[in-house]
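Peer 1: Pasting a structure here, questions to come.
Values in this text are rule-based calculations from the coordinates and carry no lab data. All of these numbers come straight from a predicted model, not from anything done at the bench. Glycine also receives a Cβ, built like all others from the backbone with ideal geometry; neighbour counts cover every protein chain displayed.
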């Protein structure tokens, strides 16, 4: 589907920081809405007062993925009065590796020639042909980077090794389409961790719930609230006080997962969850199995659960589950609660 | 000399010596007077020493001699370093007496007035008077009410007590908001800080409504009449003044330290500050109001109080809120409590017929319990329904959203497919055309980009250049701001110093007025300054003379040297020729004689000068000695000697007889 893929890239922009300390949005093609420009300026590490330099960050805003590569201007260069610059690519798909590679090439071109024209040529060739020459004696091909690889690129084993059996809380929250907020002061660790979480619900392959880099501003918070359930990453520690924003709060540096009061009864866990937890841990601890295999194991178990749920719906008319039908099976209350909410999440509930 | 004498006489009179009115210089002091003065001074300086000494000379010569010796000893003990003996008192001469008396008068302990260690200054004076008044009031003994005199009523009556009660006052000075001169240093917006009066006075633009002006002019009573009682009038004015003063000072400090740095106008600075404060308050309220169990352990009791307060703001909590949050058990608790309340009231009502009432109560109880059970079950049912509805609602919304998204995507795909389908019949050509279109489009876009770059690059350059200039100006203005700050600081310091100096000046003026006027210090200071001036002039003249003398001496040395050298040369020259020629020999002899005579002349002149100097010295010595009254003293000594010899003879005769 290369034709549709080519239309996935939406725009490219350049942000520069000059010797006066100003950070300016100097170029964009074809266009970027002012709201998105504001958001991107905020995400770009050049505007932040703390002088932290992040080479590559990505995030999600208003159904658009943005990828920002920042570079420090080094001699020899044709750019004068510029100390740092960032290249921003917005696209519709989630593929950090692809866009990281592309923006690296664009960065080098820009730094060498000092004019966005050359960079734009490269961008247009990628846009139209899906390939562009990189100055490292190779070429960048879009089809080298497919989306499944991106989805599986995160390390589920790291997550399990950090949280152990508590990983099942994250699993439950994701399955029930709850709101998860993750805090870590370093953006790179945050991105690493959050990108793998949607893989826990592999059957949905829905990465649009992922908002790995959010600031506590009204614009961005309104945007994530549009999704019923989301995985949001924050670098601001104040977010732990914003209990209106999350059902599950993950404090990554401390390794603590907390469930908020309002969601406790929906997230009640029983034997089923224990089984799943043990499965996850066992699978991850096995050194022979790779990350993708762990995810595959988990997705098989999920498929079991879902098929079980589907079997339950057969007994009802309209192939939708009702609460009474569920109660007839006399599951233990935690499992019953979980299945009820899961049915709602999978749109199997009778309205 | 007269002034010195006058000062000495004044000091001696102060010590207690009876110096006659006509005695105005030390020349007129008699021995008796001298002795009395010295003894009194010594008594004041060291009471132990002076106690043994008599103030007048006894008649007997030997006694006088003894008294003189002991006085001399006493003076030496006190510390007088000069030559002193009985002769100083019995056969006095002016210079010695003057030096002794000066020494003693200086040794007199200075009386420091109590006034000098009291710091003056209006507030200190006020405090001292307040303290004195309170002291007298405390000293007055308490008298029972019936016996109170009007004198006591003021301080001891109950009615005299007024608590410090403050009332808000209306000042009409907001009419002058447009006239900045009246508000020197008080920015117009600060009036909004004062509690009541001025907010309705001025509309947005700060100008005053005419009706308000009329009100202020015609209707508003003066400030002293605005308060309900006299006591609170004063208190209210003080309070108002203190509040305004502190607000103005606060604003001044804040503006000088932070406001100038922020480079905003005062209004902007103020609005920014208020919005920042509001945001902080919002944050605090939000974090305290939201029940967050994770952070609950760290939150102090005050937060829970705050939540209770906020609950009261919410008013009666809607029952739905209660239902969703509570569990079965808490509801049961609540209902049992209300039931108990309902049960207690019939108990309190009447104890009329106990048995009857008991049955009725039982019936009521059972019916209420039934009702309660029913309500409980209804509540449970409702809670479950709500939960179910929430969940289904979420599901439906989710579905809706997903469908919308899918719709949008499918529409896009459909558009693309439609266009492709249109082009499909002539596939090959269209493909080529499309490719060329795309390439052409790409080239055009790149072309446009380069054109745009031609425009953009200089603009960005310009922008950056101007920004640099701006930041340089920023540095400049920062520097100026810091200068302004230091100037403010200097102004403050100078005003403080000026105030202090004014205070000390006032204090010194009052002290000066308080000092006794008998010894006119200004006359003394005048004379001292004159003398100093004279001495300076004399010093100048002396230096001039010295330099002249030096010049002369140098010249003399020069000339002598020249003379010697010339003579030596001439002598050589002539002597050489003298061997041969007779006339030259004669000339040589004349030369030698001339030299000799001139030398003698010079010598004589020098001797004359020396002798003149000696004469002058001797004349001075004669004058000094003449002042010493030596002759009269000598006569007196001889007389006294004779008297002592007579006394000795008389005493010897007495001893021989007895």
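Peer 1: Mean-square fluctuation check for chain A, GNM, Cα pairs under 10 Å: which of A:133, A:51, A:162 is largest?
Peer 2: In this elastic network of chain A, the residue with the biggest mean-square fluctuation among A:133, A:51, A:162 is A:51.
Peer 1: Something else about it: Under the definition of Cα pairs under 8 Å and six or more residues apart, what whole-number percent is the relative contact order of chain A? Let's see the in-between values first.
Peer 2: On the way: 561 pairs, mean separation 47.7, N = 351.
Rounded, it is 14 percent for chain A.
Peer 1: Which value at 222 nm does the protein assembly as shown reach when only helices count, each DSSP H run of 4 or more adding -39,500 (n - 2.57), with the total divided by all residues and rounded to the nearest 500 deg cm²/dmol?
Peer 2: So the calculated ellipticity at 222 nm is -21500 deg cm²/dmol.
Peer 1: R0 = 25 Å: FRET efficiency of residue B:271 with residue B:250, Cβ-based, nearest 0.05? Could you put the intermediate results ahead of the total?
Peer 2: Working: r = 17 Å, r/R0 = 0.68.
E(calc), rounded to 0.05, equals 0.90.
Peer 1: According to a simple spin-label model (label point 7 Å from Cα along Cα-to-Cβ), what is the distance in nm between residue B:474 and residue A:218?
Peer 2: So the two model labels end up 2.8 nm from each other.
Peer 1: Arranged by the count of other C-beta atoms within 10 angstrom, fewest first, what order do A:123, B:215, A:151 take?
Peer 2: The fewest-first ordering by Cβ neighbours comes to B:215, A:151, A:123.
Peer 1: Right, here's the next one. Pop a pseudo-label 7 angstrom from the Cα along the beta-carbon direction at both residue B:93 and residue B:257 and give the gap in nm to one decimal.
Peer 2: Going from the residue B:93 label point to the residue B:257 one covers 7.6 nm.
Peer 1: What whole-number distance in Å separates the alpha-carbon centres of region B:393-424 and region B:1-56?
Peer 2: Cα centroid of region B:393-424 versus Cα centroid of region B:1-56: 127 Å apart.
Peer 1: At R0 = 56 Å, how high is the FRET efficiency between residue B:406 and residue B:131 if r is their beta carbon distance? Nearest 0.05 is fine.
Peer 2: On the way: r = 90 Å, r/R0 = 1.62.
Once rounded, the FRET efficiency stands at 0.05.
Peer 1: Whole angstrom only: what separates the Cα centroid of region B:474-514 from the Cα centroid of region B:364-386?
Peer 2: Between the Cα centre of region B:474-514 and that of region B:364-386, the gap is 81 Å.
Peer 1: Assuming R0 = 60 Å, what is the FRET efficiency of residue A:314 and residue A:33, from their Cβ-Cβ distance, to the nearest 0.05?
Peer 2: E between residue A:314 and residue A:33, to the nearest 0.05, is 0.80.
Peer 1: Treat each spin label as a single point 7 Å out from the Cα along the C-beta direction, and report the residue B:241 to residue B:554 distance in nm.
Peer 2: 7.4 nm
Peer 1: Here's a follow-up. When DSSP beta bridges are limited to those with both residues in the protein assembly as shown, what percentage is antiparallel, rounded to the nearest 5? Kindly include the intermediate steps, with their values, before the conclusion.
Peer 2: On the way: 38 of 51 bridges.
The antiparallel proportion sits near 75 percent.
Peer 1: Between residue B:491 and residue B:651, 0.36 nm times their residue separation minus their Cα-Cα distance comes to what?
Peer 2: That pair, residue B:491 and residue B:651, stretches by 48.9 nm at full extension.
Peer 1: Now for a different question. Of the DSSP beta bridges with both residues in chain A, give the percent that are antiparallel, rounding to the nearest 5.
Peer 2: 75 percent
Peer 1: Using alpha carbon centroids, what distance separates region B:582-658 and region A:19-52, in Å?
Peer 2: Taking the Cα centre of each part, region B:582-658 and region A:19-52 sit 111 Å apart.
Peer 1: May I ask you to sort A:207, B:142 by Cβ crowding, counting other Cβ atoms within 10 Å and putting the fewest first?
Peer 2: B:142, A:207
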